[in-house]
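Visitor: Can you read through this structure? Questions will come right after.
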Amino acid sequence: MKKALSVLGVAALLLGAAAATVTWLNRRDEVDVTEPVAAIAASDSLLARGAYLARAGNCAACHTARGGPAYAGGRGIATPFGTVFSSNLTPDEKTGIGRWTSAHFWRAMHNGRSKDGRLLYPAFPYPNYTQVTREDSDAMFAYLGSLPAVEQTPTPHALRFPYDSQAALAVWRALYFKPGVYQADPQRSAEWNRGAYLVRGLGHCAACHSARNALGASSEALDLAGGLIPMQNWYAPSLSSPQEAGVGDWDRQHIVDLLKTGVSPRASVTGPMAEVVLRSTQYLNETDLAAMAQFLKELAPPAPVTVAAAPAAPAPVLAQGAKLYEQHCAQCHGEQGRGVPKAYPALAGNRAVTMPQTANLVQIVLNGGYAPATAGNPRPFGMPPFVLELSDSDIAAVLTHIRQSWGNQAGVVTPLEVNRMRAASVR
């Protein structure tokens, strides 16, 4: 009996120590919202700056429901753990942030806590926004406070147990979240540091371009190394690897063009990145885009990996793919896969075609591929969907043909891969 009580006592002490550690980790560098906050004069220049920063952070994309008022929340964000619904950022006093202070907003950005102290789910990318400066946070808060107030009660989250509990979220944060404002690297130029601040902080690029573990956390060690976007079934390619989307050898202006217009001589954007350009990066000024380009150019490439040449696909598959390519693709992309400049991308030597991850290729053939309509490219060319026209084996064959023609030496695409993507698209 004494031994059992002793064991229980030790277990209780360990649990208490663990709880105290989790609490401490969730309270470190906590913003004090009880201190009086001086009102910020909402000058035209401050509001303009806040609007610009909100665009840089692409806040409206998540905090605006389809067809709903801007920034009024209610958009469902699907995650592997259930659906999180975005909050109302308009200055409505009952359902928005009308009763918040700039300190409450700064705490949400920096610590991931709501006004009442409740922990926020990282579908709101505070693991990235924590790097935003207080000055920029205050400007964004002033801008949001200038918007028309919209009374729209936030929709409750629909998360599965235990992910719907604050206790589970506190443990997750203790393991994977550490607050910290961006610290400039003194060994780098001011331009590089500005680019790093935008890419790692407000731009929260790692939220898509980093792989996540089973609990939805990404590793800083693999920052921007590419990852499958949860629930969207698009692959955000590595921004450092020259085999994926690394731009170390690009002309800097081409990177700026891609972020500004969605197209450049080296690539074009589709899928989720098209929405980022549409809603966010096309509105950034040339100085900030150049800074982002410089930071991306200087990302250290990963250690080289020797990859064996992919085995050739069976002759019947290649023949089937070649016939389908001639019927459906050659008119735009050319018989030799060279494409048409400023219209249809080349397929020969295209990294998006040859990288090992094939999710984006299958997505584009199934559902179409469209660049964003931007001021610099107001009438973009697009690709129609073939989801109703081609079978799984057809799509697998034509993609395999493309990946193994004109000097491309990538692996085969199987009908099973296509079938899985098709099934995921209709959920």
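The numbers here are math on the coordinates, done by the rules we state, and not lab data. Here the structure is a predicted model, which is why all the values come from computation and not from measurement. Here the Cβ positions follow ideal geometry from the backbone for every residue, glycine too, while neighbour counts run over all protein chains shown.
Visitor: Compute for region 315-425: radius of gyration divided by Kirkwood radius, i.e. Rg/Rh, restricted to C-alpha atoms, rounded to two decimals. Intermediate results must be reported in sequence, preceding the final value.
Guide: Working: Rg = 13.6 Å, Rh = 14.2 Å.
Rg/Rh for region 315-425 comes to 0.96.
Visitor: For the chain, count the residues as N, evaluate 2.2 N^0.38 Å, and divide the Cα radius of gyration by that value, please. Please report the intermediate quantities before stating the final value.
Guide: Values: Rg = 24.1 Å, N = 427, 2.2 N^0.38 = 22.0 Å.
Ratio of Cα Rg to 2.2 N^0.38 Å: 1.10.
Visitor: Right, something else. How do Val263, Val317, Val33 rank when sorted from fewest to most other Cβ atoms within 10 Å of their own Cβ?
Guide: By the 10 Å Cβ count, ascending: Val33, Val317, Val263.
Visitor: Which of Cys205, Cys329, Cys59 ends up with the largest GNM mean-square fluctuation for the chain, with Cα atoms connected below 10 Å?
Guide: So, out of Cys205, Cys329, Cys59, the one fluctuating most is Cys329.
Visitor: Just to be sure I follow the rule: in the chain, considering lysines 8 or more places apart or on different chains, how many pairs have Cα atoms under 21 Å apart? Walk me through the numbers on the way to the answer.
Guide: Working: Lys94/Lys115; Lys115/Lys178; Lys260/Lys297; Lys260/Lys342.
Final tally of qualifying lysine pairs is 4.
Visitor: Starting from the amide H of Gly73, placed 1.01 Å from N in the peptide plane, find each other amide H under 5 Å away whose residue is 5 or more places distant or on another chain.
Guide: The list, which skips near neighbours in sequence, is Thr64, Ala65, Leu89.
Visitor: Here's something else I'd like to know. If region 190-297 were replaced by its equivalent ellipsoid, with semi-axes equal to the square roots of 5 times the Cα gyration tensor eigenvalues, what would those be, largest first, whole Å? Each step should come with its number before you reach the end.
Guide: Details: eigenvalues 91, 47, 36 Å².
Taking √(5λ) for each Cα gyration eigenvalue gives 21, 15, 13 Å.
Visitor: Taking region 149-225, which trypsin sites (Lys or Arg not before Pro) meet the DSSP loop condition and have no more than 15 other C-beta atoms within 10 Å?
Guide: Qualifying residues, ordered by number: Arg160, Arg188.
Visitor: Which order do Val256, Val387, Val150, Val365 fall in if you start with the one that has the fewest other Cβ atoms within 10 Å? Don't skip to the answer; put the middle values down first.
Guide: Working: Val256 22, Val387 15, Val150 19, Val365 27.
Ascending number of Cβ neighbours within 10 Å: Val387, Val150, Val256, Val365.
Visitor: When the helices in the chain are scored as -39500 (n - 2.57) per DSSP H run of 4 or longer and the sum is shared across all residues, what 222 nm value do you end up with, to the nearest 500 deg cm²/dmol? All intermediate terms of the calculation are to be shown ahead of the outcome.
Guide: On the way: 18 runs with 178 residues, N = 427.
Here the helix-only value at 222 nm equals -12000 deg cm²/dmol.
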